[in-house]
Amino acid sequence: MKTEIHFTLNGESIEHEVEVNKTLLKMIREDFDLTGAKEGCGAGECGACTVIMDGRAVNACLVLAVEAEGCDLLTIEGLSGDQNELDPLQSAFIENAALQCGYCTPGMIMTAKALLNENPHPTETEIKAGISGNLCRCTGYKKIIEAIQSVADQNKA
Ligand code: FES
Ligand code: FES
């Protein structure tokens, strides 16, 4: 069974018919070809599927697409501006070599984005707590934390 929902996706107003049992992650990836958000565990454990919904980081694998009704959604694809310039977090991840395979990276960056929106000057402890729901199996967390810290430091400047 399908139903029509309305939401904003990366700044664009959308009307969309979606299966009532489809997850937000599957809708974003399959219906809109926005494949930055990844399915890792599919169970709320890894954070690879993180997107921002009404300003909050959510695990899109745990949210039904129909719950997006009336919401403002931001995915990693929506972070770059009209001129396709990188978001400061994306640049910082590159400059700090904070990724290897990249599977966790979109989710990690969206979690960091929501964290910095809420708290522009987090301490290292707050950054660690903020990304505690995002798993990275290859980079280790040191460079990821340094990348996020560097953007937090720019926010202070
Ligand atoms: S795929 Fe959603 S938390 Fe792992
Ligand atoms: S860069 Fe490979 S899982 Fe994080």
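Okay, here's what the table says:
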item	result
Output for region 38-60, where each listed residue is closer than 17 Å to residue 72 by Cα and either modelled with pLDDT under 95 or part of a loop (DSSP other than H, G, I, E, B) (or both)	49, 54, 55, 60
Scope region 14-29; condition under 21 Å from residue 77 (Cα atoms) and surrounded by fewer than 13 Cβ atoms within 10 Å (Cβ to Cβ); matching residues	15
Pairs with Cβ under 6 Å, 6+ apart, first in region 24-36 and at pLDDT below 95, second within 11 Å of ligand 1 (Cβ to nearest atom) and part of a loop (DSSP other than H, G, I, E, B)	none
Cβ-Cβ under 7 Å pairs, at least 6 apart or on other chains, region 110-127 side free of Cβ contacts under 8 Å to residues at least 40 places away in the same chain and hydroxyl-bearing (Ser, Thr, Tyr), far side part of a helix (DSSP H, G or I) and surrounded by 13 or more Cβ atoms within 10 Å (Cβ to Cβ)	none
Residue in region 97-113 that is touching a helix residue (DSSP H, G or I) at 6+ places or on another chain (Cβ under 8 Å), surrounded by fewer than 19 Cβ atoms within 10 Å (Cβ to Cβ) and either modelled with pLDDT of 95 or more or not aliphatic (A, V, I, L, M) (or both) present	yes
Subset tally (residues that are of a type in the set (Gly, Ala, Ser) and touching a residue at least 24 places away in the same chain (Cβ under 8 Å)) for region 128-154	4
Residue within region 50-59 that is under 13 Å from residue 114 (Cα atoms) and charged (D, E, K, R) present	yes
Unique match (being more than 14 Å from ligand 1 (Cβ to nearest atom) and loosely packed, with under 15 Cβ neighbours inside 10 Å) among 44, 11	11
Of all residues making up region 91-103, the number that are of a type outside the set (A, V, I, L, M) and assigned to a loop (DSSP other than H, G, I, E, B)	5
Region 114-137, residues that are away from ligand 1 (no atom under 16 Å from the Cβ), more than 13 Å from the chain's Cα centre (by Cα) and among the polar types (S, T, N, Q)	119, 123, 125
Tally of residues being out of contact with any Lys or Arg (no Cβ under 9 Å at 6 or more places or on another chain), closer than 22 Å to residue 82 by Cα and among the hydrophobic types (A, V, I, L, M, F, W, C) across region 1-49	6
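For (1) among the polar types (S, T, N, Q); (2) more than 14 Å from ligand 1 (Cβ to nearest atom); (3) in a loop (DSSP other than H, G, I, E, B), each residue gets a yes or a no:
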| residue | (1), (2), (3) |
| --- | --- |
| 5 | no, yes, no |
| 29 | no, no, no |
| 36 | no, no, yes |
| 66 | no, yes, no |
| 70 | no, yes, yes |
| 82 | no, yes, yes |
| 89 | no, yes, no |
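The values are calculated or read from the model by the stated rules, or taken from the named source; none is laboratory data. It should be emphasised that the depicted structure is a prediction, and the values quoted were computed from it without experimental measurement. With ideal geometry, Cβ positions are generated from the backbone for all residues, glycine too; neighbour counts draw on all protein chains shown.
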